[in-house]
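What follows is a short report on a single structure.
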Amino acid sequence: MKALNYLAASLLAFGLTACGKAQEAPFPEAPATKAAADMPTEGSSPDAAAVSEAAGNGSGQATGTIRSIGQNGDFLTIEHGPFNGIDMGAMTMGFGILDDIDLSGFAEGDAVSFMVKRGRDGSFRITSICNTATEGTDCLTQPVN
């Protein structure tokens, strides 16, 4: 509702300016940006702007629980904790999957550790994932030779 009021006041001020009848009409306060506490929770998905604000650039790693798997095996909804490597807190959100990731061994309710990378479009895609219940909590750690 605040956004509509802001839009209406802006259009009114613009219209008055265009007609040459503008006076010092006060603009309403701009809406505040979303805080981390305002981020969506389970059962909802964050909008792109919210994720973009919270996330920064690059790659990150988190643990979580699979809430749903896309019909084509190219999308996961995960309830996850905070990420290491990127500034994104705990939430439930959907992630695209890179083509070489096989989700056939995963099911809803699986505890997972996963890596994401931010694409050019600003969305995060899963680059690797493992089941922490069957493969251990450090299943993404690669041994160094």
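Structure notes:
- Selection within segment 78-123 - in a loop (DSSP other than H, G, I, E, B), farther than 19 Å from Thr134 by Cα and aromatic (Phe, Trp, Tyr): Phe83
- Hey, Thr17 loosely packed, with under 14 Cβ neighbours inside 10 Å, at negative phi, at pLDDT below 50 and not in a helix (DSSP H, G or I) or not: no
- Scope segment 85-96; condition of a type outside the set (Gly, Ala, Ser) and modelled with pLDDT of 95 or more; matching residues: Met91, Thr92, Met93, Phe95
- In segment 80-97, the qualifying residues are those that are loosely packed, with under 15 Cβ neighbours inside 10 Å and not small (Gly, Ala, Ser), and the one that is farthest from Ala62 (Cα to Cα) is Asp87.
The values are calculated or read from the model by the stated rules, or taken from the named source; none is laboratory data. Remember, it's a predicted structure, so these values are computed and weren't measured experimentally. So basically every Cβ, Gly included, is an ideal-geometry build from the backbone, and we count neighbours across all protein chains shown.
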